[in-house]
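Below you will find the structure I want to go over with you.
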Amino acid sequence: MDQLSPEQPAGADLFQAGDEILLVGRMQREFLARLTPGQRIKVKGEYLKTESLIGLEVGSSVVTPLNASYLALRPTLAERILNMPRQAQIIYPKDLGLILFWADIRPGGRVVEIGTGHGAMTLALVRAVGQTGRVTSYEIRAEHARRTRANVRRFLGQTPWWEVKLANPAETGLEETGLEAVIIDVPAPWELVEAVIPALRPGGSLAFFLPNVPQVVRAVDAFRESGKFANFQTMEALLRPWNVEGPSVRPQMRITGHTGFITLCRRKLGRVVRLADPADIRW
Ligand SMILES: C[S@@+](CC[C@H](N)C(=O)[O-])C[C@H]1O[C@@H](n2cnc3c(N)ncnc32)[C@H](O)[C@@H]1O
């Protein structure tokens, strides 16, 4: 096999044993697998030898013994999240992107997440803050915390700037203070108002993700009535992928109709500062 393409003769990125590979076939069908020597990979209707993919250059097109064509890529984090096996509902990449940007999650940030589930939001947060930041996840179910630990290790490797705590902050409060953001994905965020207030620094962002309107109303009311949060914004992301192939240029037939509502607000101080008389204005 000629593994180095003339397009990129030096510094080629080759799949190694243990890497993850994403095979993209017809109609954008995706197969995500790990290249474990001695094991086979199941793609639509056939098995491929792992050894035939180890050493392949990333970005190559391959044709299988049964004549199916695939593009071989390293998966993006969004593709890993969409393909990971799960029993708990996750936050989808279209919503993760909005939460990260609107809650201003950035390198070096200090963030708490409540309700880690299988860790889709966790993965996005841990990667966004990076090794100069800190993410603490709270989860009440041991098996979900375990699954998230495994997913973070598998997709992001060693991340000492992240930890998961098995606790219910509605009962224990949050140990962290001075946080820049708190992200909540649990069914009853209104139970967490008292826990979030001392943990989030003034001006910091709170985001919660909820699937149903009555939950949104109850949560917004509870945080607003505390008098410690302002600038509420609720939004939903309607993502409509399109098909663009030859004369077929149209929205795809099937779309995800509903995931959830994102609500954001900012921690405010209770005090009001009266400003001095206006200065003379000289234009
Ligand atoms: C929908 S899942 C979270 C999914 C996650 N955000 C993701 O993107 O994969 C909700 C999780 O919150 C946990 N949970 C529910 N109430 C909680 C609480 N009060 N404190 C901590 N975790 C809680 C549940 O056990 C469950 O794992």
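Give the residue, chosen from Leu200, Leu210, that is buried (at least 18 other Cβ atoms within 10 Å of the Cβ), within 26 Å of Ala167 (Cβ to Cβ) and touching a residue at least 60 places away in the same chain (Cβ under 8 Å).
Among Leu200, Leu210, only Leu200 is buried (at least 18 other Cβ atoms within 10 Å of the Cβ), within 26 Å of Ala167 (Cβ to Cβ) and touching a residue at least 60 places away in the same chain (Cβ under 8 Å).
Need at least 1 residues that are within 13 Å of the ligand (Cβ to nearest atom) and acidic (Asp, Glu) per element, so show me which helices (runs of 4 or more DSSP H) inside the stretch 68-154 make the cut, counting only ones lying wholly within it.
Once the helices (runs of 4 or more DSSP H) in the stretch 68-154 are filtered for at least 1 residues that are within 13 Å of the ligand (Cβ to nearest atom) and acidic (Asp, Glu), what remains is 93-102.
Let me ask you something else. Could you please find all residues in the stretch 166-183 being in a strand (DSSP E or B) and out of contact with any helix residue (DSSP H, G or I) (no Cβ under 8 Å at 6 or more places or on another chain)?
If the condition is that a residue be in a strand (DSSP E or B) and out of contact with any helix residue (DSSP H, G or I) (no Cβ under 8 Å at 6 or more places or on another chain), then Glu180, Ala181 are the ones that fit.
Criterion first (crowded, with 18+ Cβ neighbours inside 10 Å, in contact (Cβ under 8 Å) with a residue 12 or more places away in the chain and under 23 Å from Ala237 (Cα atoms)) does Ile41 satisfy it?
So Ile41 fails the test.
Restricting to the stretch 173-197, and then to whatever is of a type in the set (Val, Ile, Thr) and within 9 Å of the ligand (Cβ to nearest atom), can you tell me which residue is surrounded by the fewest Cβ atoms within 10 Å (Cβ to Cβ)?
Looking at the filtered set, the residue picked out is Val186.
How many residues, within the stretch 44-67, are part of a loop (DSSP other than H, G, I, E, B), open to solvent by 50 Å² or more (accessible area, probe 1.4 Å), in contact (Cβ under 8 Å) with a residue 12 or more places away in the chain and not hydrophobic (A, V, I, L, M, F, W, C)?
Of the residues in the stretch 44-67, 3 are part of a loop (DSSP other than H, G, I, E, B), open to solvent by 50 Å² or more (accessible area, probe 1.4 Å), in contact (Cβ under 8 Å) with a residue 12 or more places away in the chain and not hydrophobic (A, V, I, L, M, F, W, C).
Also, quick follow-up: I'd like to check something: does the stretch 109-127 contain any residue that is out of contact with any Lys or Arg (no Cβ under 8 Å at 6 or more places or on another chain), farther than 20 Å from Arg267 by Cβ and among the charged types (D, E, K, R)?
yes
The values are calculated or read from the model by the stated rules, or taken from the named source; none is laboratory data. Every value quoted in this text rests on a predicted model; they were computed, and no experiment measured them. Heads up, the Cβs are rebuilt from the backbone with ideal geometry, glycines too, and the neighbour counts pull from every protein chain shown. Ligands, DNA and RNA are excluded from the accessible area calculation, which covers all protein heavy atoms including side chains. Shrake-Rupley method; radii C 1.70, N 1.55, O 1.52, S 1.80 Å.
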